[in-house]
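Student: Before I ask anything, here is the structure I am working with.
The values are calculated or read from the model by the stated rules, or taken from the named source; none is laboratory data. Keep in mind that what you see is a predicted model, and the values were worked out from it rather than measured. Here the Cβ is made from the backbone with ideal geometry for all residues, glycine too, and neighbour counts use every protein chain on show. Heads up: the accessible areas ignore ligands, DNA and RNA and are worked out on the full protein's heavy atoms, side chains in. Shrake-Rupley method; radii C 1.70, N 1.55, O 1.52, S 1.80 Å.
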Amino acid sequence: MNNTDIVKHGLKKRYAKEKRFQWYGRLAVLTGFVFLTLLLLDIIIKAMPAFQSTQILLDIPLDRETLELSTDATINKDTLSAINYDGLIKKSLSQLYPQVSKRNDRKQLYKLVSSGAEFSLREYIMKNPELISSNSEIPVLSIWLKADDDIDTFYKLQTKISRVSDRQVEFIDSLIQQQRIRTSFNTTFFTASDSREPEQAGIKGALLGSFWTLLVTLLISLPVGIGAAVYLEEFAPQNKITDFIEININNLAAVPSIVFGLLGLSVFINFFGMPRSVPLVGGLVLSLMTLPTIIISSRAAIKSVPPSIKEAALGIGASHMQTVFHHVLPLAMPGILTGTIIGMAQALGETAPLLMIGMVAFIVDVPGGVVDSATVLPVQIYLWSDSPERAFTALTAATILVLLAFLAIMNTLAIFLRKHFERRW
Amino acid sequence: MNSSALLLLITGLSVIAFITARQRAYIHGASSKLKSLPKHYGVLTALWSGIPALVLILSWMIFQPAYLHQQIIQSLPESITIKGEDSLSLYINTIDLAIANGEASDDPVIQKAILSFNDAEKKSRIILTILVLLLSLSGIIFGLTKKLLNSHARVGVEKVVKGFLALCSAVAIFTTVGIVLSVLFEALRFFESIPFTDFMFGTSWSPQTAIRSDQVGSSGSFGAIPLFVGTMLISAIAMLIAVPIGLLSAIYLSEYASARFRSIAKPALELLAGIPTVVYGFFAALSVAPFIRNVGESIGLSVASESALAAGIVMGVMIIPFVSSLSDDVITAVPQSMRDGSLGLGATKSETIKQVIIPAALPGIVGGVLLAASRAIGETMIVVMAAGMAAKMTANPLDAVTTVTVQIVTLLTGDQEFDSPKTLAAFALGLMLFLTTLILNVIALHIVRKYREQYE
Amino acid sequence: MSTNTTATLSQSFRAKPNSMQEDITNDATSESSEHSQHITIGENILENAKFTTRNVNVYYGEKQAIFDVSLDIDHNEVIALIGPSGCGKSTYLRTLNRMNDTISNCRVTGDFLLDNEDIYSKKMDPVLLRARVGMVFQKPNPFPKSIYDNVAYGPRLHGLARTNSELDEIVITSLEKAGLFKEVKDRLNEPGTGLSGGQQQRLCIARTIAVSPEVILMDEPASALDPIATAIIEELIDELRENFTIAIVTHSMQQAARVSQRTAYFHLGKIIEVGETSQIFTNPRHQLTENYITGKFG
C-alpha cells in the first residue's frame, strides 16, 4: 500500500498545476475578448464626432440690390447660378458682427464657415427661387450652414486646437450666446463623395464603388465557382490533371492578397490594356481571390447531398448531368449561397489588391457603372487615415463602422441561411 | 462593325439557330423517332452556331491590339525605330493617344501612322465580320442536316456543358499560371538590370530611380535583406502573440469550457478573423502605436512612432483565430480512447493534455502554425498603415522597420513608368513573397494531411 | 478451462434443480416493470470482498442504464461480466474506477466500497482511485510515444520511481509480467503504435500493471484481436490473477468460461444471476441466463 502514499504525496502539486493550467486557458480566451472589445470601443469612440456636424445660423439678405439683380431681371437658372453666394455669406457674417473692422479679424470671421457653404446656399436658393421677391420688403433667409472643419472639431470636442485662433474662439462664444451654433446629424457623410475638406466629405462614392465592384465579383465568381465545384465533385475523372487542379485551388486560397493585385496589374492592366481604378478590373481580381472560397464551400455542399437522391434520379433514367442540375444542385444551393455570401464579405473588406490596380486616386465623382473610375470603402478608409486633420480621423472611424455594419449584415444573413435552409441529412 | 454589334449579331443568330433547329426536330420527330427532345437539338445547333464565332471574336479582341501595334512600328521610318526603346514607346504612346482621341496630328510621321493604323483596323474588322458570319451560318446549316437529327443531341449538349464546367475548374490553373508567369516575367526583367545576388544578399535598400532614361539604376540600391529582416521581425512578434493565445484558447475551449461558454467564445474569436485588415491597420496606426510610444517614452525608452511592436501586436491579434481554429480541429480529432487511456491510469486532465493529447496533435498544430506564419508574412494593410518605410536592419521591436509587402505597395502606388527598375523591383519582391508563402503552405498542408490520415 | 459447446450446454440443463423455477419464469415476464428492488439470483454478495457495490443506478441524462445492481468482487479473483450488447456491462465496469465522471450527463448513485473506502466520497481523489484501479480498453490505445515511455507514463506521473534505474526496473518487470518483454526488449525506443494489435494490447496491459494497481478492469480486451493474440491475452489474465483482482467484460461466453472463476450475467441493465462460472454455464438457474447461454438472443 505504500504506493498509495507515494501517489498521495504528489497529488497536491499536480492539482495545483491543473488549476494553473486552466487559468492560463481562461486568460488566453479573455485576452482575445479584451482585444476585440478594445478595438471596437476605440473605433466607436473615434467615430462619434463624425455623425454630427456643426452648423451656424446666418441671416442671408435676399433683396435684389444685395443680389446685384436689377428689379426687372428674370429669375431663371442662369441668373440664379450667377449670384455671388460667397459674397452673400460674407455679408451676412459682417452684419452679424458689424464692429469687426480689422482685415485680419475679418478673415478669421469669414473662415468660420465652410468653403462649401456657398454651394449649399446656392442649391437651396435654386430649389426655392420664390424666396427672392421683388417687393420692397427686404426678405431675409435664415439658414443653417456648415461650419469649417476646424471650428467643427473645436466645437464638438471642446478642446483647444491650434488651427482655431483666439479671436475665432471669441466669435464662437458669442454665437453660442446668440444660439446661432448647433450640431446636427451629418447627412453629408452619406450623400457626398470624397472631398479635400472633411466637413464636405462623404462615402457615397465609395459605397457605390464597392457596390459595382462586388457586383462584378459576384457575377464572375458565382457561376465559375459553381461550375468548377460541380465538375470536380461530379464529373472529373480521377487523374493527375484533376489532382493538380485541386492542389491549385487549395494553394490559391492561401496566396497573399497582394500577389493577386500584382497579377491584376500585369495581366489585366498591362497586357490587356484595361483601364485602371475601375470596378470591372477590381471585380475581376477579387473574383479570382474569392473563387477558391466558393469552390471549396460549394464542393462541401454538393458532397453532403446523399447518394440516395442521385441514385433515385438515375434509376428513373435521368442522365448524370440532368441528375446534377435538376436534383443535386438545388439541394446544395443553401450551402453554396452561404459560402458565396461569406466570400463576398471577404471581398468587401479587401484593400491591398485594389491598391495595386490603381484605386488610390482621389475621386470626386460618383461611379455610375463598372467602367467609371471608382474607389471602394476599405480603400477610402486607407486614404483618409493618412490625413492629418482630426476630422478625417472621425470620418475614417465612421466609415469603418459602416463597413463593419455591412459585414455584420452579410454574415448574419449567411448564418440565417445556414440555420434555416440547410438540411441535415 | 464594332465588337458589341458583332456580339449582338451572333447572339441573334444563335437564337434563330435554336428556334429553327428545334422546329425542324419537332417536325422530324412526328414522322421518325428522335433520340432526344427537340429543345436539345435547338440548343446544340445554337451552340454550334454561337461558340466558334464567339471564340473567334474573343481571340481577335485579345490579339488584335498587338498585331496592329506591330503594323504601326513597321510603318515608322528607320530614323525613329533606331532611337531606342524608351523613345519608341513614347512615340507609340503619342500615336495611341491621338487615335483614342480621334484627332489628327501635325507631325507627318505620326499622321501617316494614324492613317495606316485606321486602315489596317478597318481591314481586319471586315475580315472578322465575314468570318464570324460564315461560322455562325454554317453552324445553323449543320443543325438542319439529317446527320444531326439522327444523333443523340442531348449527349452532344451535355458534352459541351461538361467542357464548359471543366473550363471553369481550369480557371484555377490559369490563375496560378497567370500569377507565376506575370510575376516571374517582370521579376526576370528586373534581374536584367539589377543582378540577383545584389537583390537577394544586398543590405541596402533605397530605391531611387534614374531621372533620365539613359542612366542605369546605379543611383538606387535594391538590396532586399533589410526587407526580409523587417518582415521576419514583425511576423515573429505576431506569432509570439498568436501562438500561445491561440493554442491555449483552443485547448481551453475544446477540453474545459462548458458548451454554453464555447458557443459564445468560439464565434467571438472567429470575429477577429472577419474584421478587415484595413481596420486593424487603422487601429494599429492611430491607437496602438501612439500608446506604445507614450508608455515607452514615459519609461525612458526611445520608441519610434511606427514601431514594429505596434504592427506586430495587432497582426498577432488578427492571426489568433487561425491558430486557435486549426488547433481546435486537430485537438478534437485526437480519439477519445487516447484520453481514456491516460485518465484511466490516474492522470489529471492537464497532464493528459500536456503529455498525451498535444504530442498526438502536434503535427496538426505545427501545420496550423505554419499556415498562420504564411498569413503573417503576406499581410499587407496592417504594415502599410502602421509600419515604417525606412529599411532598417534591426532586431529591436521598438524601432521602425519596413517589410516586403509595404515596399511592394510603395513602389507601385506612386506615379511612375511601368517599366522602371522601381516598379519591376516590386515584382521581384512579389516573386519572393509568393515563393515563400507557397513553400510554407505546401509544407503545412502536407503535414496536416498526413496527420489526418493517421486518425482516420 | 475447456470449451463447452452450445450443444453440450443445451443438453445439460434439462433437469431444473428446484421449485424456484416457476417464480423465476414469472419474474422474467414482469421484470420490465420493476426498476428497484430487483432480486439477483446467486452469490452476488460476499464477505470481506475487495470491491463492494450496492444498489448501483446509472443515468445518462433522463435515460437509466443500470438498475439497482449489487455485486461484490473477491480478492484475487477473475470475475466475468457477460450479457447481450448494450445491457450495461461496460457502463457498470466504468463506475468502478469513476471513468463515468468524464461523461458530462452521466449520473451514478449507490454505494461503492474499495477495501471499505467509499470511492465516490468527496474525500476520495479520482486520480488516486485510478492509480489503484486500472483499466484496459477494448481497442488497444497506446500513446504516440516509445514503448518504454508508454509503460513509464504512469509511474512517472505518480512519482513511483525515484531514480532512473528504478523506473527501468518497473518498466521491464511490467513488460515481463505482460508477456511482452522478450519480443520488444531490443526496441524499447520504438513507437508503441508500431506493434501488432495483440502486442499493443499487451503493451496497454503492461502500462496498467506498471502503476501497481490492486484491481484491473478489462473491457472486452480481446475483442479486437485475432484468435492467437486472444489466446495469449487469456493466458496472461490467468497469470495476473496471482497479484491482481480482475473484472473482465466479455462478449464471448467461451472466453468467460476459460478465464473466470465467477460470472455475472447482465440483462438490460440488471444483474440476473451471479455464480461460479462452471455453474452458470452448465446449470443456469434463471431462464434469461439459460436463454442467453443457449444462444436464443445476444
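Student: Which of the residues belonging to the range A:315-339 are of a type outside the set (S, T, N, Q) and either open to solvent by 50 Å² or more (accessible area, probe 1.4 Å) or not in a helix (DSSP H, G or I) (or both)? Explain how you work it out, then say what you get.
Tutor: To start, the set of residues in the range A:315-339 that are of a type outside the set (S, T, N, Q) comprises A:315-318, A:320-321, A:324-337, A:339.
Those that are of a type outside the set (S, T, N, Q) and either open to solvent by 50 Å² or more (accessible area, probe 1.4 Å) or not in a helix (DSSP H, G or I) (or both): A:315, A:316, A:317, A:318, A:320, A:325, A:326, A:327, A:330, A:331, A:333, A:337.
Student: Is it true that some residue in the range B:32-39 is in contact (Cβ under 8 Å) with a residue 12 or more places away in the chain, part of a helix (DSSP H, G or I) and within 16 Å of residue B:127 (Cα to Cα)? Write out each step before concluding.
Tutor: In the first step, residues of the range B:32-39 are kept if they are in contact (Cβ under 8 Å) with a residue 12 or more places away in the chain; the result is B:34-39.
Retained after the next criterion (residues that are part of a helix (DSSP H, G or I)): B:38-39.
Right, trim to within 16 Å of residue B:127 (Cα to Cα) and you get none.
The answer is no, given that none of the residues of the range B:32-39 is in contact (Cβ under 8 Å) with a residue 12 or more places away in the chain, part of a helix (DSSP H, G or I) and within 16 Å of residue B:127 (Cα to Cα).
Student: Being surrounded by fewer than 19 Cβ atoms within 10 Å (Cβ to Cβ), under 29 Å from the mean Cα position of the chain (by Cα) and within 14 Å of chain A (Cβ to nearest Cβ) narrows it down to one residue among B:202, B:163; which is it?
Tutor: Values: B:202 fails: within 14 Å of chain A (Cβ to nearest Cβ).
Of B:202, B:163, the one residue that is surrounded by fewer than 19 Cβ atoms within 10 Å (Cβ to Cβ), under 29 Å from the mean Cα position of the chain (by Cα) and within 14 Å of chain A (Cβ to nearest Cβ) is B:163.
Student: Scan the helices (runs of 4 or more DSSP H) fully inside the range A:1-96 and keep the ones with 1 or more residues being basic (Lys, Arg), away from every other protein chain (no Cβ under 14 Å) and closer than 24 Å to residue A:142 by Cα. Write out each step before concluding.
Tutor: Values: elements: A:2-47, A:77-82, A:85-96.
By residue number, A:77-82, A:85-96.
Student: For residue A:342, all conditions in the list (1) within 14 Å of chain B (Cβ to nearest Cβ); (2) over 22 Å from residue A:409 (Cβ atoms); (3) open to solvent by 30 Å² or more (accessible area, probe 1.4 Å) hold save one; what is the number of the exception?
Tutor: It is condition (2) that residue A:342 fails.
Student: Condition check: more than 10 Å from chain B (Cβ to nearest Cβ), open to solvent by 10 Å² or more (accessible area, probe 1.4 Å) and under 27 Å from the mean Cα position of the chain (by Cα). Does residue A:215 satisfy that?
Tutor: Values: more than 10 Å from chain B (Cβ to nearest Cβ): yes; open to solvent by 10 Å² or more (accessible area, probe 1.4 Å): yes; under 27 Å from the mean Cα position of the chain (by Cα): yes.
In short, yes.
Student: Please state which one of B:277, B:332 is under 24 Å from residue A:380 (Cα atoms) and of a type in the set (S, T, N, Q). Step through it out loud before you land on a result.
Tutor: Values: B:332 fails: under 24 Å from residue A:380 (Cα atoms).
After applying the criteria, what remains is B:277.
Student: Here's another thing I want to ask about it. Scan the range C:211-266 for residues that are closer than 30 Å to residue A:5 by Cβ, charged (D, E, K, R) and in contact with a strand residue (DSSP E or B) (Cβ under 6 Å, 6 or more places away or on another chain) and jot them down.
Tutor: Here is the first cut: in the range C:211-266, the ones closer than 30 Å to residue A:5 by Cβ are C:211-219, C:221, C:236-237, C:239-248.
Checking which are charged (D, E, K, R) leaves us with C:214, C:219, C:239, C:241-242.
Listed by number, the residues that qualify are C:219, C:241.
Residues checked against (1) within 23 Å of residue A:127 (Cβ to Cβ); (2) modelled with pLDDT under 85:
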residue: A:140; (1), (2): yes, yes
residue: A:147; (1), (2): yes, no
residue: A:160; (1), (2): no, yes
residue: A:167; (1), (2): no, yes
residue: A:172; (1), (2): no, no
residue: A:178; (1), (2): no, no
residue: A:182; (1), (2): yes, no
residue: A:196; (1), (2): no, yes
residue: A:215; (1), (2): no, no
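Student: Which of (1) touching a helix residue (DSSP H, G or I) at 6+ places or on another chain (Cβ under 7 Å); (2) under 23 Å from residue B:447 (Cβ atoms); (3) more than 11 Å from chain A (Cβ to nearest Cβ); (4) open to solvent by 40 Å² or more (accessible area, probe 1.4 Å) is the odd one out, the single condition residue B:389 does not satisfy?
Tutor: (2)
Student: Would you confirm, using the coordinates I've provided, whether residue B:365 is more than 22 Å from the chain's Cα centre (by Cα), at the interface with chain A (Cβ under 10 Å from one of its Cβ atoms), over 30 Å from residue B:304 (Cβ atoms) and touching a residue at least 60 places away in the same chain (Cβ under 8 Å)?
Tutor: Values: more than 22 Å from the chain's Cα centre (by Cα): yes; at the interface with chain A (Cβ under 10 Å from one of its Cβ atoms): no; over 30 Å from residue B:304 (Cβ atoms): yes; touching a residue at least 60 places away in the same chain (Cβ under 8 Å): yes.
No: the conditions fail for residue B:365.
Student: Does the range B:362-381 include one or more residues that are open to solvent by 40 Å² or more (accessible area, probe 1.4 Å) and within 30 Å of residue C:159 (Cα to Cα)?
Tutor: Yes, the range B:362-381 contains a residue that is open to solvent by 40 Å² or more (accessible area, probe 1.4 Å) and within 30 Å of residue C:159 (Cα to Cα).
Student: Here is a follow-up. Please state which one of A:59, A:78, A:86 is in contact with an Asp or Glu (Cβ under 9 Å, 6 or more places away or on another chain) and of a type outside the set (Val, Ile, Thr).
Tutor: Result of the check over A:59, A:78, A:86: A:86.
Student: What do you reckon, is residue A:48 modelled with pLDDT under 85, open to solvent by 80 Å² or more (accessible area, probe 1.4 Å) and out of contact with any Pro (no Cβ under 9 Å at 6 or more places or on another chain)? Even if it seems obvious, please write down each step before you answer.
Tutor: On the way: modelled with pLDDT under 85: no; open to solvent by 80 Å² or more (accessible area, probe 1.4 Å): yes; out of contact with any Pro (no Cβ under 9 Å at 6 or more places or on another chain): yes.
In short, no.
Student: Taking the conditions exactly as written (open to solvent by 10 Å² or more (accessible area, probe 1.4 Å), at pLDDT 90 or above and in a helix (DSSP H, G or I)), does residue B:435 satisfy them or not? Can you show your working first?
Tutor: On the way: open to solvent by 10 Å² or more (accessible area, probe 1.4 Å): yes; at pLDDT 90 or above: yes; in a helix (DSSP H, G or I): yes.
Yes: the conditions hold for residue B:435.
Student: Identify, by number, the condition in (1) within 9 Å of another protein chain (Cβ to nearest Cβ); (2) at pLDDT below 90 that residue B:216 doesn't meet.
Tutor: That leaves (1) as the condition not met.
Student: Taking residue A:100 as meeting all but one of (1) in a helix (DSSP H, G or I); (2) among the aliphatic types (A, V, I, L, M); (3) more than 19 Å from residue A:64 (Cα to Cα), write down the number of the exception.
Tutor: Residue A:100 satisfies every listed condition except (1).
Student: Name every residue in the range C:98-152 that is more than 7 Å from every other protein chain (Cβ to nearest Cβ), in contact with a Pro (Cβ under 8 Å, 6 or more places away or on another chain) and of a type in the set (S, T, N, Q), in order of residue number.
Tutor: Once the filter is applied, which keeps residues that are more than 7 Å from every other protein chain (Cβ to nearest Cβ), in contact with a Pro (Cβ under 8 Å, 6 or more places away or on another chain) and of a type in the set (S, T, N, Q), the range C:98-152 yields C:138, C:146, C:150.
Student: I need the helices (runs of 4 or more DSSP H) fully contained in the range B:124-215, keeping only those with at least 1 residues that are in contact with a Leu (Cβ under 6 Å, 6 or more places away or on another chain). Please lay out each step first, then the result.
Tutor: Working: elements: B:146-150, B:153-193, B:196-201.
Here the list reads B:153-193.
Student: Moving on. Test of understanding: among A:273, A:261, A:227, which residue is at the interface with another protein chain (Cβ under 9 Å from one of its Cβ atoms), without any contact (Cβ under 8 Å) to a residue 24 or more places away in the chain, open to solvent by less than 10 Å² (accessible area, probe 1.4 Å) and over 30 Å from residue A:154 (Cα atoms)?
Tutor: Details: A:273 fails: open to solvent by less than 10 Å² (accessible area, probe 1.4 Å); A:261 fails: without any contact (Cβ under 8 Å) to a residue 24 or more places away in the chain.
Only one candidate passes the filter, namely A:227.
Student: Something else now. Kindly provide the set of residues from the range C:236-279 that are small (Gly, Ala, Ser) and under 20 Å from residue C:92 (Cα atoms), ordered by number.
Tutor: Going residue by residue through the range C:236-279, those that are small (Gly, Ala, Ser) are C:247, C:252, C:256-257, C:260, C:264, C:269, C:275, C:278.
C:247, C:252, C:256, C:260, C:264, C:269, C:275, listed by residue number.
Student: Next up: Quick one: count up the residues across the range B:293-325 that are touching a residue at least 60 places away in the same chain (Cβ under 8 Å) and open to solvent by 20 Å² or more (accessible area, probe 1.4 Å).
Tutor: Within the range B:293-325, residues that are touching a residue at least 60 places away in the same chain (Cβ under 8 Å) and open to solvent by 20 Å² or more (accessible area, probe 1.4 Å) number 9.
Student: Which residues, taken from the range A:359-380, are under 18 Å from the mean Cα position of the chain (by Cα), within 14 Å of another protein chain (Cβ to nearest Cβ) and assigned to a loop (DSSP other than H, G, I, E, B)?
Tutor: Residues satisfying the conditions are A:359, A:360, A:361, A:362, A:375, A:376.
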